[in-house]
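Just so it is clear, none of the values below were taken in a lab; they were calculated from the coordinates. Keep in mind the model is a prediction, meaning the values are calculated, not measured. FYI the Cβ positions are ideal-geometry reconstructions off the backbone, even for glycines, and counts take in every protein chain you see.
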Amino acid sequence: MNEDMITHILVASLIFQSIIVYTAAMAAARGQIDHGVRWRNWSVTKIRWVMFGCALISYQAMLFFITTGKLTLSALFEWTLTFSIQGTVLTLLLTLNSGRASTASSSIINEISNEQYAPVSVAAIPK
């Protein structure tokens, strides 16, 4: 293996390890908050844990195929890991739509949406 590939593997492993920890922490922390939120009759909390499981299995498979020298299969599992992590982050959109966002973000969203902006005429802009 060349030096660039080894560097890529090391950096990707560090990134994916921290993202997997983030995914597990988010699923655990938001589990009680989002227990009633559903998407296509699936609990959002269950979706997050399934995505975490897919990410963890993909990471292990990626490392296995790297060690056996099958880099194409390793890349496939790297992309599977990436998509499962992105799917987990996308579940946060469901909580925003359901009104179960944290109180701080809810108040900011309400403040922005309730704000009244005065119309600006072009003549009022100084030249």
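What the table below lists for this structure:
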quantity	calculated
For VAL37, residues with placed amide H under 5 Å, excluding near neighbours	VAL44
Filtered trypsin sites (Lys or Arg not before Pro), region 13-82: DSSP coil and at most 14 other beta carbons within 10 Å	ARG40, LYS70
Protection proxy ranking of 57-69, 3-15 - average other beta-carbon atoms within 10 Å, highest first	57-69, 3-15
Dmax and Rg, reported as Rg then Dmax, of region 3-100 (C-alpha, Å)	15.2, 49
